[in-house]
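Here is the structure we will look at.
The values are calculated or read from the model by the stated rules, or taken from the named source; none is laboratory data. Just so you know, these numbers come straight off a predicted model, no measurement behind them. We place every Cβ from the backbone using ideal geometry, glycine too, and count neighbours over all the protein chains shown. Please note that ligands, DNA and RNA were not included when accessible areas were found on the heavy atoms of the full protein model with its side chains. Shrake-Rupley method; radii C 1.70, N 1.55, O 1.52, S 1.80 Å.
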Amino acid sequence: MPLVTTKEMFQKAYEGGYAVGAFNVNNMEIIQGITEAGKEVNAPLILQVSSGARKYANHTYLVKLVEAAVQETNLPIALHLDHGDSFELCKSCIDGGFTSVMIDGSKYSYEENIALTKKVVEYAHAHGVVVEGELGQLAGIEDDVQVSEEDASYTKPEQVYDFATRTGVDSLAIAIGTSHGAYKFKPGQKPQLRFDILEEIKKNLPNFPIVLHGASSVMQDHVKMINENGGKMPDAIGIPEDMLRQAARSAVCKINIDSDIRLAVTGTIRKYFNENPSHFDPRQYLAPAREAVKEMVKHKILNVLGCDNKA
């Protein structure tokens, strides 16, 4: 089975009341952990690459690793560019084998966002690739994406139909209260997704796949593992999983998960070295890290996304 686009995935997800997980990848072990989990629970997957991951691991290596995962699992897998910030970057990924790209023009004016997104859509569609756009800005820091709380803004429901129609995008990332990174909310601060905005968007743009970025839950067992083994992560909480599941039952067809992967890997490796300070074989500490990613992804698929047995 070759790499697929998200078009059929999202149509089934919208009709079935579930979401597909979009998991950020940086190396072989993370790809293996994610796809082994997907195979065990028979779930479709989106493996997404940020510009930072592309610089770190090299475009060709990542594409070949994902193609190997498809061959090993026989799952429907889409390879997606996360937060592309220019036409040139999107074009390079399209020409280089990605089946989906995101063009994030949310930092520009509304009309500039439309113009940039439309340019990417026209090139992508001519090459059989689908495009995700973004309206509204999430606060937080993740790779090259850095938005302060002051600059963050909710998506305006009255703009979504016009934006989707004029650009031709295939899915739309919105801002309804999620945020990038692990430090989403301070203890005592109540996370709240704006489901009223989501419902207005759904009404104004019916049967259209919506995307949530910054949707890691900051799983506390991994945070605790880091801090118990020499780390100094401040207390923080993420988006409650029941809220994400509610969003997946509505119009949200893609939920992005990155920070929880990083926490699982880092916590496991810190614990391993704390218990085995003299070990130096990378296989010895990367194997349990891979297993931690696998178990975390299975948990997300079964308890948040609802896309098990949907491959």
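The residues on offer are S92, S106, and the sole one that is at pLDDT 95 or above and surrounded by 14 or more Cβ atoms within 10 Å (Cβ to Cβ) is S92. Looking only at residues of the stretch 19-33 that are open to solvent by 10 Å² or more (accessible area, probe 1.4 Å) and of a type in the set (A, V, I, L, M, F, W, C), we find that the one that is farthest from K294 (Cα to Cα) is M28. On the stretch given as the stretch 274-304, residues that are over 19 Å from I30 (Cα atoms), outside any loop (DSSP other than H, G, I, E, B) and either open to solvent by less than 80 Å² (accessible area, probe 1.4 Å) or β-branched (V, I, T) (or both) total 1.
A quick yes/no check of all residues on (1) crowded, with 24+ Cβ neighbours inside 10 Å; (2) without any contact (Cβ under 8 Å) to a residue 12 or more places away in the chain; (3) under 27 Å from S153 (Cβ atoms):
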position: E36; (1), (2), (3): no, no, no
position: V41; (1), (2), (3): no, no, no
position: T60; (1), (2), (3): no, no, no
position: I77; (1), (2), (3): yes, no, no
position: L81; (1), (2), (3): yes, no, yes
position: E88; (1), (2), (3): no, yes, yes
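Here K107, K64 are screened, and the one residue that is under 30 Å from R194 (Cα atoms) and not in a strand (DSSP E or B) is K107.
Do we find a residue being of a type in the set (S, T, N, Q), in contact (Cβ under 8 Å) with a residue 60 or more places away in the chain and open to solvent by less than 30 Å² (accessible area, probe 1.4 Å) anywhere in the stretch 209-232? Taking every residue of the stretch 209-232 in turn, at least one turns out to be of a type in the set (S, T, N, Q), in contact (Cβ under 8 Å) with a residue 60 or more places away in the chain and open to solvent by less than 30 Å² (accessible area, probe 1.4 Å).
Does A115 satisfy the criteria of being of a type in the set (A, V, I, L, M, F, W, C) and surrounded by fewer than 16 Cβ atoms within 10 Å (Cβ to Cβ)?
On the way: of a type in the set (A, V, I, L, M, F, W, C): yes; surrounded by fewer than 16 Cβ atoms within 10 Å (Cβ to Cβ): yes.
Against the criterion (of a type in the set (A, V, I, L, M, F, W, C) and surrounded by fewer than 16 Cβ atoms within 10 Å (Cβ to Cβ)), A115 qualifies.
Contact annotation: residue pairs with Cβ atoms under 6 Å, 6 or more positions apart or on different chains, pairing a residue in the stretch 288-301 that is more than 19 Å from A215 (Cα to Cα) with a partner that is open to solvent by less than 40 Å² (accessible area, probe 1.4 Å) and among the β-branched types (V, I, T), are P288/T268; A289/V265; A289/T268; A289/I269.
The numbered conditions (1) modelled with pLDDT of 80 or more; (2) farther than 21 Å from Y14 by Cα; (3) surrounded by fewer than 16 Cβ atoms within 10 Å (Cβ to Cβ) are all true for K203 except (2). In the stretch 110-142, of all residues being part of a loop (DSSP other than H, G, I, E, B) and at pLDDT 95 or above, the one that is farthest from the chain's Cα centre (by Cα) corresponds to H127.
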